[in-house]
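Following: one structure in structure tokens, then a few remarks.
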Amino acid sequence: MEGTTVQRPHISAALACSAALLLAPLLTACGGTADADTKRPSTPKGVTAQASSSTSVHVMWEAASDDKAVAGYEVYRGKTKVKSVPAAKHMIDVNGLTASTGYTFAVRSKDAAGNLSAPSEAIPVTTQATPPKDDTAPTVPAELTGAADGSRAATLTWGASKDDVGVTSYDIYQEGSRIHSVPSSETTAKLAGLRPGTVYTFTVRARDASDKSSPDSNALDLTTESAPGAPASTAPTGLRSEIGKEGAEFTVDLSWDQPDTGGVIPAYQLYLNGKLTTTIVWGGTPPKGRATYRLNLAEPAGTRYSVKLRAKLPDGKWGDFSAQPTIVLAD
């Protein structure tokens, strides 16, 4: 009606503010922009692609970064995604390829919000030719040595292996898991991304074009330097084992150098495959210097175990873990 004024309800500033606060979480839950992560992770660098055999390629890359956290990586063959891996892993084998064929591989990082980085540089690689009949594994890499490079890296060196057809690569293992590979022309590996003040056990295996691997090299224990201001490591060192047999059971005689804890070590915890197996408590006066312990196992021959232990400190806390070598039960 002409001349009529419509009265609108008055909303106080305080009430409007309260309403906005109530709506904010709803907007976020429904896809609103509050605290949304829209920033891409960085593009992976240092991508390499190595033909491991006639049907497989080994792809490696350096860790990417993100303003929140990298959640994983995607590996592409050409424009096709072929693998997804978690953030802690920076290498993968791509299998099912064709012999003597050229491919390109690239890697993208991904964050928890689903943001993908730009693709890395596409790396060309050609798979090996179909190998001749090869029934023999390579010989064991000789005299594995190495040293820690500061607190987060290490360099390993070993003697070349031989094969009736030809060695194609060397694989570096830590605690029974392959963590790095280099082509057969190299007998040195530089490892990065290690933790400060940590004991590592490394071994190396040679591999041929038929994907047959040699036995493990000698085990090498390395301790990275502690971070500035960090206390000295309390990890037992020099953990070694000797396998024997008593009746139907295997015996594992373990020995190690005890850490300097500033007092008597009353007990150790022993872990097999990452699980606590037993607590070693000395029946009398704790030993000094190198300690020993016999473990009896009723598993079949060929069973593999990773072994580690840690000491009980004078203040009652448990110390750092030792290196974690792998043992194989054998007659």
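The values are calculated or read from the model by the stated rules, or taken from the named source; none is laboratory data. Being a predicted model, the structure only gives us computed values, none of them experimental. So basically every Cβ, Gly included, is an ideal-geometry build from the backbone, and we count neighbours across all protein chains shown.
Just a few scattered comments:
- Filtering the range 172-225 to residues that are in contact (Cβ under 8 Å) with a residue 24 or more places away in the chain, hydroxyl-bearing (Ser, Thr, Tyr) and part of a strand (DSSP E or B) leaves Tyr173, Ser181, Thr188, Tyr200, Thr201, Thr203, Ser213, Thr223.
- Number of residues in the range 151-171 that are within 17 Å of Met91 (Cβ to Cβ), part of a strand (DSSP E or B) and not acidic (Asp, Glu) equals 5.
- Only listed residue being over 18 Å from Ile179 (Cα atoms), at pLDDT 85 or above and loosely packed, with under 12 Cβ neighbours inside 10 Å, chosen from Thr33, Thr80, Thr43, Thr104: Thr80
- The number of residues in the range 126-159 that are within 30 Å of Glu225 (Cβ to Cβ) and either small (Gly, Ala, Ser) or touching a Lys or Arg at 6+ places or on another chain (Cβ under 6 Å) (or both) comes to 10.
- Taken over the range 241-288, the residue count meeting the criterion of being more than 26 Å from the chain's Cα centre (by Cα), touching a residue at least 40 places away in the same chain (Cβ under 8 Å) and part of a loop (DSSP other than H, G, I, E, B) is 8.
- Note on the range 261-285: among residues that are at pLDDT 85 or above and either over 27 Å from Arg304 (Cα atoms) or in contact with a Pro (Cβ under 8 Å, 6 or more places away or on another chain) (or both), the one that is surrounded by the fewest Cβ atoms within 10 Å (Cβ to Cβ) is Val281.
- Scanning the range 60-90 for residues that are touching a residue at least 60 places away in the same chain (Cβ under 8 Å) and of a type in the set (A, V, I, L, M), we see that the one that is nearest to Ala192 (Cα to Cα) is Ala63.
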